[in-house]
Amino acid sequence: MAESMQGLKRTHRCAELSGANAGETVTIMGWVQKNRNKGGLIFVDVRDRSGIIQVVFEEGRSDAELIEKAAKLRAEFVVAVVGRVEKRSGAVNENLATGEIEVIPETLRILAESETPPFPIEENSRTKEEVRLKYRYLDLRRPDLQRNLMMRSQVATLTRQFLAEEGFFEIETPVLIGSTPEGARDYLVPSRIHQGHFYALPQSPQLFKQLLMCSGYDRYFQIAKCFRDEDLRADRQPEFTQIDMELSFVDVDDVIDVNERLLAKLFREVLGVEVLLPIPRMTWQEAMDRYGSDKPDIRFGMELCDVTEVVKGCEFAVFKGAIENGGSVRGINAKGQGSMPRKKIDKLVSFVKDYGAKGLAYIAIQEDGTVKSSFAKFMTEEEMAQLVRAMDGENGDLLLFAADKNKVVWDALGALRLELARSMELLDKSDYKFLWVTEFPLLEWSEEQNRYTAMHHPFTMPMEEDLEYIDSEPGRVRAKAYDIVLNGNEIGGGSVRIFNPEIQNKMFEVLGFTPEQAQEQFGFLLTAFRYGVPPHAGLAYGLDRLVMLMAKEDSIRDVIAFPKVKDASDLMTEAPTAVAKEQLEELGLLVVKQEE
């Protein structure tokens, strides 16, 4: 039978107690983790968000009524205990922060009883994620998830403090906005009052933060909820949180400076890790050439090597064809993997096919110097030797090559490099390697839409020295854009914005907008720009992804209190759900079932 607190006040959280409290009478409250009844001696572990403390009920020290009550305790009962802190009479538990003490109770109140939970509340749960997400309120009691969410709270608090000290204002921007089709798919919200019209949920506060710069607020930030109706991956959710900022009268270096100091503060205070400043920078082109990725993981080597010039005269049709079609031949050297079984190499071949490559060519150099290769018969001995030299090939190495258009080669080898690093156990989650990637292309060609699209967004400033190519060679124009990358993950990105109306109009023209379309979608911004707009730039972090890496987790679901699953549904609340016919009628909506 549940009891009330009857005026009891908690004096300490469980793991706030230590040997220094010995002899004190304390009141603790929490959940029963375990109850071990040894007959006349009952050990109860009580848990709250701070950790666990052992409470000992013993004949001769506790009255019979208290022992009888303690015997009824089950896992996840909620209890209040008043008792004296004592040094443990038995062995010290080194695995517990409170392992040298125990509480000898005077009072026990059962505040709430619990049914047997569908899974044990324990660290590193082996219970299927679907079950844990259905009972997320129980899953969130696990100490590892609680640590993650406390870390997330600490990151948000420190960010607010730091940016406030740097002269930023925290300003909220609207969540019901107009739809902007450029970019990912919007979540739409029907309007009851304006039937047939829809709000969109923001993919980012981009336009509003630029307007705040027009309004003279100088430095803005917001920890903002954003929404994208996209297919999910381990590090994607339909709703996610950004640390969003914008600054006036600045250029690239100013934005990078303030953000390096923010990151250094977060990692020092949350993890005790010193981030060496300045963080290295690399252009987009160099990142693609060396790592096959615009978010390179620089914790290990295995860089791409362009061997197009070395093999251009050879008779191997795969290399020859790629070069004739304007592509390239590049390779990576997996050191010490020369004895990899053929079966495993075949698996790598099918792995790169997912990234558009038709296959992989390889040279396996055995420890004794003999060479096994998938294409040796098409090359002279001299050509093979030259290729091995160009790749720094030594005895015991495995050389892997892709030949195709540059984008395919980069994608395939960039992904293969990471796959090999995982299997060779080269990735240390405690090794935090930051990198700025700069000078992205302003535009990328979309085969689907048969036009150029903005690589970041339509408000990104081109590099002044490349403006002359915007009509003749749009693909050559670089942007004043920068991403901050951590261990192969883009944790934030931003750019200097266009503040010159002529350049903005030219950008819309290159993207295929008519002046009318640009006005229809972004008219309020373009109008604002007629009234004196300062040069401005900004950046936004994915808070979920940043905390995921800090917490050494593999999925952002482990750092979000109530996440969705792959199909964007919530297993706990069962959202999205159907709504009543009356609600739809009120909104002027009709749901048409699609035939299978």
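Points to keep in mind about this one:
- Among residues of the range 435-470, those that are farther than 27 Å from residue 205 by Cβ and either among the small types (Gly, Ala, Ser) or at pLDDT below 90 (or both), counted: 4
- Strands (runs of 3 or more DSSP E) contained entirely in the range 295-396, each with at least 2 residues that are crowded, with 16+ Cβ neighbours inside 10 Å and touching a residue at least 60 places away in the same chain (Cβ under 8 Å): 328-334
- Of all residues in the range 497-509 being open to solvent by less than 50 Å² (accessible area, probe 1.4 Å) and under 32 Å from the mean Cα position of the chain (by Cα), the one that is farthest from residue 469 (Cα to Cα): 497
- Flag for residue 160 being touching a residue at least 60 places away in the same chain (Cβ under 8 Å), part of a helix (DSSP H, G or I), under 19 Å from residue 555 (Cα atoms) and of a type outside the set (Asp, Glu): no
- Residues located in the range 512-550, provided they are more than 33 Å from the chain's Cα centre (by Cα) and among the charged types (D, E, K, R): 516, 520, 530
- Scope the range 67-96; condition crowded, with 16+ Cβ neighbours inside 10 Å and more than 18 Å from residue 23 (Cβ to Cβ); matching residues: 67, 69, 70, 73, 75, 76, 77, 78, 79, 80
- The residue that is most open to solvent (accessible area, probe 1.4 Å), counting only those in the range 179-198 that are free of Cβ contacts under 8 Å to residues at least 24 places away in the same chain and within 23 Å of residue 456 (Cα to Cα), is 188.
- Per-region count, the range 32-42, residues at negative phi, surrounded by fewer than 19 Cβ atoms within 10 Å (Cβ to Cβ) and more than 41 Å from the chain's Cα centre (by Cα): 3
- Selection of the range 527-557 for residues being open to solvent by 30 Å² or more (accessible area, probe 1.4 Å) and part of a helix (DSSP H, G or I) yields 527, 530, 531, 545, 557.
Residue by residue, here is whether (1) more than 24 Å from residue 525 (Cα to Cα); (2) open to solvent by less than 20 Å² (accessible area, probe 1.4 Å); (3) within 28 Å of the chain's Cα centre (by Cα) holds:
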{"residue": "420", "(1), (2), (3)": "yes, yes, yes"}
{"residue": "429", "(1), (2), (3)": "yes, no, yes"}
{"residue": "439", "(1), (2), (3)": "yes, no, yes"}
{"residue": "442", "(1), (2), (3)": "no, yes, yes"}
{"residue": "457", "(1), (2), (3)": "no, no, yes"}
{"residue": "462", "(1), (2), (3)": "no, yes, yes"}
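- Annotation: of all residues in the range 420-454 being charged (D, E, K, R) and part of a loop (DSSP other than H, G, I, E, B), the one that is nearest to residue 493 (Cα to Cα) is 439.
- Residue check, residue 585 in a helix (DSSP H, G or I) and open to solvent by 50 Å² or more (accessible area, probe 1.4 Å): yes
- Pairing each residue of the range 511-532 that is over 21 Å from residue 446 (Cα atoms) with any residue that is open to solvent by less than 30 Å² (accessible area, probe 1.4 Å), provided the two are 6+ apart or on different chains, yields C-beta distances under 6 Å for 525/207.
- Screening the range 224-265 for residues that are without any contact (Cβ under 8 Å) to a residue 40 or more places away in the chain and part of a helix (DSSP H, G or I) and picking the one that is surrounded by the fewest Cβ atoms within 10 Å (Cβ to Cβ) gives 253.
- The range 107-139 - residue that is surrounded by 15 or more Cβ atoms within 10 Å (Cβ to Cβ) and in a strand (DSSP E or B) and, of those, nearest to the chain's Cα centre (by Cα): 111
- Matching residues in the range 199-223 - criterion: being open to solvent by less than 30 Å² (accessible area, probe 1.4 Å) and assigned to a strand (DSSP E or B): 200, 220, 221, 222
- Odd one out for residue 268 among (1) in a loop (DSSP other than H, G, I, E, B); (2) over 19 Å from the mean Cα position of the chain (by Cα); (3) surrounded by fewer than 17 Cβ atoms within 10 Å (Cβ to Cβ); (4) not acidic (Asp, Glu): (1)
- Filtered residue count, the range 558-570, keeping only those that are open to solvent by 40 Å² or more (accessible area, probe 1.4 Å) and either of a type in the set (Val, Ile, Thr) or more than 22 Å from residue 150 (Cα to Cα) (or both): 2
- Checking residue 523 against (1) at pLDDT 90 or above; (2) open to solvent by less than 30 Å² (accessible area, probe 1.4 Å), the condition it does not meet: (1)
The values are calculated or read from the model by the stated rules, or taken from the named source; none is laboratory data. Keep in mind it's a predicted model, so treat the numbers as computed, not measured. Every residue, glycine among them, receives a Cβ derived from its backbone with ideal geometry; neighbour counts consider all protein chains shown. Protein only, heavy atoms only, side chains kept; ligands, DNA and RNA dropped before computing areas. Shrake-Rupley method; radii C 1.70, N 1.55, O 1.52, S 1.80 Å.
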